[in-house]
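What follows is one structure encoded as structure tokens, with my remarks underneath.
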Amino acid sequence: MSAELRHTTSITLALAMRALQATLDEAQRASVRVSIAITDAAGQPIHTAHMDGAPAPCRAIAANKALTAAGFGLSTGAWAERLQHSSDMVRQGLPLQSGLVLFGGGEPFLLDGAVVGAVGVSGASEAQDAACAAAAVRCVADAMAARMEQPVP
């Protein structure tokens with residue numbers, strides 16, 4: 001591969017569908033109604049769902065949580081602590097940037113420290129959104145670990 005080209009690994013639609021189902025299962029277990037967005041490594045949508053009864057604005061919030069998590073490779077719930085060490089200008093200006101969500105419910109999917117996708121969940125409390133997103137992260141991590149254990153033909 002050329003030194004001028006970059007190769008990006010990303011989750012597949014099949015894995016995004018499994019991650020979305022794990023998120024739905026967690027939401028149903030917690031008796032909450034949420035919107036879910038699963039993105040590829042670049043933050044582009046792969047698969048989404050909007051549960052019956054979830055607030056309509058949560059569609060966009062979930063998508064932006066996933067985009068933020070993919071773009072920064074960081075949980076959206078980690079921003080409060082991260083911003084504590086930033087200047088006043090950053091703490092005040094970053095939340096005003098279009099499309100950024102700096103509260104819990106967005107998680108990157110990481111493989112060897114590199115972003116391969118992300119999930120965003122919105123519609124319940126911040127803690128419940130984060131718990132639902134964590135179910136997707138576990139699903140993707142388990143799938144990648146199982147794949148790494150398979151012998152190469």
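Quick notes on this structure:
- Of all residues in the range 16-50, those that are over 17 Å from residue 126 (Cα atoms), out of contact with any His (no Cβ under 7 Å at 6 or more places or on another chain) and of a type in the set (A, V, I, L, M, F, W, C) total 6.
- Filter result (among the small types (Gly, Ala, Ser) and part of a loop (DSSP other than H, G, I, E, B)) within the range 1-48: 2, 3, 10, 30, 31, 41, 42, 43
- Condition check for residue 67: over 15 Å from residue 129 (Cα atoms), buried (at least 21 other Cβ atoms within 10 Å of the Cβ), within 11 Å of the chain's Cα centre (by Cα) and not charged (D, E, K, R): yes
- Within the range 25-58, tally of residues that are surrounded by fewer than 19 Cβ atoms within 10 Å (Cβ to Cβ) and β-branched (Val, Ile, Thr): 1
- Residue in the range 118-129 that is under 12 Å from the mean Cα position of the chain (by Cα), open to solvent by 20 Å² or more (accessible area, probe 1.4 Å), among the acidic types (Asp, Glu) and under 15 Å from residue 69 (Cβ atoms) present: no
- The range 96-117, residues that are among the small types (Gly, Ala, Ser) and open to solvent by less than 80 Å² (accessible area, probe 1.4 Å): 99, 104, 105, 106, 113, 114, 117
- Flag if residue 54 is hydrophobic (A, V, I, L, M, F, W, C) and assigned to a loop (DSSP other than H, G, I, E, B): yes
- Residue pairs whose Cβ atoms lie under 8 Å apart, sitting 6 or more positions apart in sequence or on different chains, and linking a residue in the range 116-135 that is farther than 13 Å from residue 101 by Cβ to a partner that is surrounded by fewer than 24 Cβ atoms within 10 Å (Cβ to Cβ) and of a type in the set (S, T, N, Q), are 116/9; 116/10; 117/10.
- Pair list, Cβ < 7 Å and 6+ apart or interchain, from the range 97-110 residues that are without any contact (Cβ under 8 Å) to a residue 60 or more places away in the chain to residues that are basic (Lys, Arg): 101/65; 105/65; 106/65
- Among (1) farther than 18 Å from residue 129 by Cα; (2) of a type outside the set (D, E, K, R); (3) touching a Phe, Trp or Tyr at 6+ places or on another chain (Cβ under 8 Å), the one test that residue 93 misses: (3)
- Filtered by the rule that a residue be loosely packed, with under 15 Cβ neighbours inside 10 Å and β-branched (Val, Ile, Thr), the range 70-95 gives a lone residue, 90.
The values are calculated or read from the model by the stated rules, or taken from the named source; none is laboratory data. Here the structure is a predicted model, which means the values were calculated and not measured. Neighbour counts run over all protein chains shown; Cβ positions are idealised from the backbone, glycine included. Keep in mind that these areas ignore ligands, DNA and RNA; they rest on the heavy atoms of the full protein, side chains included. Shrake-Rupley method; radii C 1.70, N 1.55, O 1.52, S 1.80 Å.
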